[in-house]
Amino acid sequence: MRRWLHRFNRSGLECLEDLGGQGRKPRITQAERPHIIALVKRPPPGRPRRQADGALEADDESGPPAWTLDGLTEVARKDGIEVGRSQVRRILLAEGARWCRTRTWARSNDGEKTWVHGALRVRDGKEVTMTAASRNSAFYQQILQRVENANPAGDIYVVTDNLSSHPSVSTRPWHQDHPRIHHVFIPVGACWLNLQEAWWRLLRKTALAGQSFASPDEIETATRLSTTQLNKRARPWIWGRPAPPTRPLRRRYTYIL
């Protein structure tokens with residue numbers, strides 16, 4: 001109240017009106033808000049789409065395969081809009097946008113099966129994948145060969161289940177020629193011990209969720225794109241949930257006796 005009295009004494013009744021320009025200025029303009037909302041209506045640049053010739057390709061293989069808050073923020077900044085992740089969330093909530101859950105299954109038009117083989121390197125979160133027509137010993141040896149090529153030095157410990165192709169008669173002689181690879185078989189019914197299982201969930205959401213493929217080549221393309229996108233933001237895999245980040249602005253008290 002004292003501030004308003006001083007303003008009245010200086011300038012009279014005109015000074016009692018609200019002055020413009022008070023408060024923090026908005027970070028983005030009103031012309032930039034519709035641009036962020038329009039991004040949600042566009043397909044993600046990293047998601048494979050059906051082209052005019054029938055092929056399945058992505059506009060940007062390094063772009064996000066599905067819209068997330070981080071993906072929208074990254075694309076908006078590339079378009080010249082300096083916006084934060086929390087502000088994108090507030091804009092979408094104000095417009096009534098809601099996240100929808102995609103189906104985690106894929107469908108092939110011809111009914112032909114295609115298997116995806118993969119191996120996760122836990123120290124940096126990088127993945128090696130390949131597609132195959134079956135899960136026999138020959139294709140299992142091929143994925144092991146790719147794992148060995150991706151790790152040229154040191155011993156390799158492969159944590160896997162007891163599928164018949166893993167300790168098969170044809171796989172054992174192959175191991176003799178590749179002594180750096182060692183198998184560690186997990187107990188039956190304990191697939192959660194293998195960190196690869198959690199990575200499969202990310203692959204299904206990124207590459208296979210809600211998709212309809214016409215041929216095994218399209219499944220191979222979607223798998224290759226998703227592996228590249230996930231490896232781009234890969235992090236070391238650890239057991240359990242990571243500790244929450246420390247709040248830098250939280251007040252800390254020190255008691256001195």
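The values are calculated or read from the model by the stated rules, or taken from the named source; none is laboratory data. Just so it is clear, the model here is predicted, and its values are computed rather than measured. Here Cβ is always computed from backbone atoms with ideal geometry, including for glycine, and neighbour counts include all displayed protein chains. In case anyone asks, the SASA skips ligands and DNA or RNA and just uses the protein heavy atoms, side chains included. Shrake-Rupley method; radii C 1.70, N 1.55, O 1.52, S 1.80 Å.
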Considering only the stretch 187-217, how many residues are in contact with a strand residue (DSSP E or B) (Cβ under 9 Å, 6 or more places away or on another chain), open to solvent by 40 Å² or more (accessible area, probe 1.4 Å) and of a type in the set (Phe, Trp, Tyr)?
-> 1
Do any helices (runs of 4 or more DSSP H) lying entirely in the stretch 168-243 carry at least 3 residues that are over 19 Å from Met130 (Cβ atoms), and which ones are they?
-> 171-176
Check the stretch 166-186 and report whether any residue there is open to solvent by less than 80 Å² (accessible area, probe 1.4 Å) and at positive phi.
-> no
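Listed residues Phe213, Phe185; which is among the aromatic types (Phe, Trp, Tyr), in contact (Cβ under 8 Å) with a residue 24 or more places away in the chain, over 26 Å from Asn162 (Cα atoms) and out of contact with any Gly (no Cβ under 6 Å at 6 or more places or on another chain)? Can you show your working first?
Numbers: Phe185 fails: over 26 Å from Asn162 (Cα atoms).
None of the others qualify; the one that does is Phe213.
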Residue hits (the stretch 200-257; at pLDDT 80 or above and over 30 Å from Leu56 (Cα atoms)) are Pro236, Trp237
For Asn149, which of the numbered conditions (1) free of Cβ contacts under 8 Å to residues at least 12 places away in the same chain; (2) assigned to a loop (DSSP other than H, G, I, E, B) fails to hold?
-> (2)
